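One structure is given below, encoded as structure tokens.
The values are calculated or read from the model by the stated rules, or taken from the named source; none is laboratory data. Predicted, not measured: the structure shown is a model, and the values here were computed from it. Note: ideal-geometry Cβ built from the backbone for every residue, glycine included; neighbour counts use all protein chains shown.
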2 protein chains.
Amino acid sequence: MIPFGDRLHDAVERAGNPCVVGLDPHLALLPEEFAAARDPEAPRRERARAIGDFLCGIIDAAAGKVPAVKPQSAFFEVFGADGVAEFERVVAASKDAGLLVIGDVKRGDIGSTAAAYAQAFLRGIEGQDPRTLCDSITVNPYLGTDSVAPIIDECKGTGGGMYVLVRTSNPSSAEFQALPTGAAGAETAPLADRVAAAVDHWGQDLRGASGWSSVGAVVGATHPSELARLRRLMPNTPLLLPGYGAQGAGAADIVGGFQSGLQGALVNSSRGILFAGKQQPEKHWKDAAAGAMDAMAAELRAALLG
Amino acid sequence: MIPFGDRLHDAVERAGNPCVVGLDPHLALLPEEFAAARDPEAPRRERARAIGDFLCGIIDAAAGKVPAVKPQSAFFEVFGADGVAEFERVVAASKDAGLLVIGDVKRGDIGSTAAAYAQAFLRGIEGQDPRTLCDSITVNPYLGTDSVAPIIDECKGTGGGMYVLVRTSNPSSAEFQALPTGAAGAETAPLADRVAAAVDHWGQDLRGASGWSSVGAVVGATHPSELARLRRLMPNTPLLLPGYGAQGAGAADIVGGFQSGLQGALVNSSRGILFAGKQQPEKHWKDAAAGAMDAMAAELRAALLG
């Protein structure tokens with residue numbers, strides 16, 4: 001059982017780039033071929049299946065090109081149990097394609113409940129097809145150490161990983177995450193830095209042979225100056241950087257998140273890849289997505305390897 | 001369309017108590033009758049169905065006794081799509097029984113993703129059976145205002161509600177939630193107080209005829225002194241108080257969360273009610289659960305009215 005931090009390291013080396021394709025199937029943007037997903041008259045199962053079919057096409061384009069995909073649970077949950085069945089299918093298709101799967105579920109709850117989430121996404125029940133399980137999940141830190149500990153335990157047992165939200169990419173993220181914290185009179189630090197220190201600590205026990213921990217952190221590429229500071233606070237922590245592309249960050253903004261060459265971070269793009277065909281009507285949507293992956297990989301390689 | 005804050009007010013008046021039954025089906029504690037849920041050889045659908053069957057029995061016992069139930073999503077998600085199908089069935093059974101449903105999902109994500117979660121639990125897709133939708137959901141504030149705004153919009157459109165995590169009941173909650181925050185040299189306040197101020201603000205537009213907002217807050221009953229302070233910071237905010245019973249808080253601890261008589265807060269008990277039969281083997285599990293609800297209601301009424 002190879003720990004997530006090491007599997008991630010190897011997957012990036014193999015792919016030759018640190019790109020993650022975010023599987024966020026916005027209904028309004030799906031190619032016409034999958035219009036059933038938007039059809040209010042279609043049965044729920046069919047609508048969900050159209051989303052899964054589209055994403056399986058994207059996964060097919062991503063195989064061998066990028067190290068990982070990141071399905072966004074919310075867009076599946078819109079279709080209830082039928083959507084979750086498609087989430088499982090998309091995870092299995094990604095595994096079959098040799099891609100690491102980061103389940104973007106942003107769960108966070110008290111002890112026994114956090115253990116149930118960890119089981120749901122990382123271990124599964126007895127006899128469950130391991131292809132339907134994520135390699136890593138995103139986790140919200142607001143509830144503190146005892147809400148993260150059961151997930152860490154599950155990572156130890158399964159070789160799974162987690163990415164803890166530290167500084168998110170959205171405009172309002174500063175509201176709490178950048179609040180100065182500290183006892184009156186003492187030196188202050190933004191809340192995100194306290195969370196980063198906790199993440200560094202949580203990850204110590206989960207460092208693999210590559211030196212990277214299986215406990216990662218989410219830091220928005222939209223905050224380049226903070227990215228470099230947070231990288232220093234979490235030297236063994238793999239970062240996940242959302243915000244590239246549609247959310248405004250470019251290749252120069254992500255450099256501070258890396259440590260040596262292509263290692264240290266994954267950069268996520270969702271809409272910019274999934275819906276690249278919208279800007280290139282002359283191309284098939286799948287070719288447009290593949291082209292967008294190649295362009296992103298080249299851009300990041302140029303920025304990181306010079 | 002009556003806003004959640006008003007529906008909650010009326011439901012508490014009707015039931016004559018502020019109890020919520022937390023539907024957290026810990027596998028190990030399920031009565032022998034539902035042992036299929038624990039059977040590693042049983043198909044996943046059957047295991048999930050056993051959990052749903054048990055909870056439908058609890059819902060039957062709760063009907064007319066308490067104003068609300070709070071299904072915990074994690075325990076359903078362990079069984080993937082089959083578990084989520086049971087979550088939908090349990091929500092519908094609760095609605096049919098006249099109970100308000102607080103979906104304990106603790107979601108929190110950036111704008112368009114938060115909108116998808118709000119749709120998933122509060123609005124549904126076109127043609128979806130409204131009985132499968134929650135009246136309110138729990139929400140994590142770590143990502144700030146723009147992560148909550150789409151859920152607020154959905155509450156305005158649907159009459160739904162939300163409970164934002166402010167100060168949770170678990171031991172580690174102090175780690176970040178009690179951190180002193182504020183600019184260097186200025187007066188500090190715990191992070192939870194900043195979140196409470198935001199919750200008060202977020203809820204202003206959603207105050208109903210009863211005066212209560214549809215934007216509520218989660219504050220652990222395990223922190224009685226903070227409860228009174230947070231109550232003052234959020235005068236129109238319905239509170240949801242976990243931590244009663246199995247987690248250690250008693251009736252005296254919850255009084256500070258209330259405002260007049262039975263109004264102002266809901267008190268949650270999960271294991272203490274669901275698995276009351278474990279301590280009373282002479283009773284049927286359903287009668288034991290009903291008895292535990294009656295005892296909790298009487299205890300809270302005595303503390304609040306008497």
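Summary of values
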quantity: Candidate set: region A:134-165, residues that are within 10 Å of chain B (Cβ to nearest Cβ) and hydrophobic (A, V, I, L, M, F, W, C); chosen: the one surrounded by the fewest Cβ atoms within 10 Å (Cβ to Cβ); calculated: A:Ala149
quantity: Filter result for B:Ala198 (at the interface with chain A (Cβ under 8 Å from one of its Cβ atoms), in contact (Cβ under 8 Å) with a residue 12 or more places away in the chain and small (Gly, Ala, Ser)); calculated: yes
quantity: Condition met for A:Ile2 (touching a strand residue (DSSP E or B) at 6+ places or on another chain (Cβ under 7 Å) and either in a helix (DSSP H, G or I) or touching a residue at least 12 places away in the same chain (Cβ under 8 Å) (or both)); calculated: no
quantity: Extreme residue, farthest from A:Gln263 (Cα to Cα), among residues of region A:38-58 that are more than 10 Å from chain B (Cβ to nearest Cβ) and either touching a Leu at 6+ places or on another chain (Cβ under 7 Å) or at pLDDT below 95 (or both); calculated: A:Phe54
quantity: Failed criterion for B:Gly108 (all others in (1) away from chain A (no Cβ under 14 Å); (2) crowded, with 24+ Cβ neighbours inside 10 Å; (3) among the small types (Gly, Ala, Ser) hold); calculated: (1)
quantity: Test result for A:Ser173, among the polar types (S, T, N, Q), facing another protein chain (nearest Cβ under 7 Å), out of contact with any helix residue (DSSP H, G or I) (no Cβ under 7 Å at 6 or more places or on another chain) and outside any loop (DSSP other than H, G, I, E, B); calculated: yes
quantity: Any chance B:Thr181 is at pLDDT 95 or above, closer than 25 Å to A:Ala183 by Cβ and either among the acidic types (Asp, Glu) or within 15 Å of the chain's Cα centre (by Cα) (or both); calculated: no
quantity: Search result, residues across region B:29-81 that are among the charged types (D, E, K, R) and surrounded by 23 or more Cβ atoms within 10 Å (Cβ to Cβ); calculated: B:Arg47, B:Lys70, B:Glu77
quantity: Tally, over region B:6-54, of residues that are of a type in the set (D, E, K, R) and under 16 Å from B:Ser270 (Cβ atoms); calculated: 1
quantity: Qualifying residue in region A:283-296 (condition: surrounded by fewer than 21 Cβ atoms within 10 Å (Cβ to Cβ), part of a loop (DSSP other than H, G, I, E, B) and among the charged types (D, E, K, R)); calculated: yes
quantity: Any chance A:Ser260 is over 18 Å from the mean Cα position of the chain (by Cα) and more than 13 Å from chain B (Cβ to nearest Cβ); calculated: yes
quantity: Test set (1) free of Cβ contacts under 8 Å to residues at least 60 places away in the same chain; (2) within 14 Å of chain A (Cβ to nearest Cβ) - B:Thr168 fails condition number; calculated: (1)
quantity: Hits in region A:114-132 (condition: surrounded by 23 or more Cβ atoms within 10 Å (Cβ to Cβ) and more than 7 Å from chain B (Cβ to nearest Cβ)); calculated: A:Ala114, A:Ala118, A:Phe121, A:Leu122
quantity: Exclusive hit being in contact with a Ser or Thr (Cβ under 8 Å, 6 or more places away or on another chain) and basic (Lys, Arg), set A:Arg131, A:Arg167; calculated: A:Arg167
quantity: Scan of region B:1-37 for residues that are out of contact with any Phe, Trp or Tyr (no Cβ under 6 Å at 6 or more places or on another chain), at pLDDT 95 or above and among the small types (Gly, Ala, Ser), ordered by number; calculated: B:Ala11, B:Ala15, B:Gly16, B:Gly22, B:Ala35, B:Ala36, B:Ala37
quantity: Unique residue being surrounded by 23 or more Cβ atoms within 10 Å (Cβ to Cβ) and at negative phi when the list is A:Ala265, A:Ala252; calculated: A:Ala265
quantity: Residue count for region A:92-124, restricted to those that are acidic (Asp, Glu) and touching a residue at least 60 places away in the same chain (Cβ under 8 Å); calculated: 1
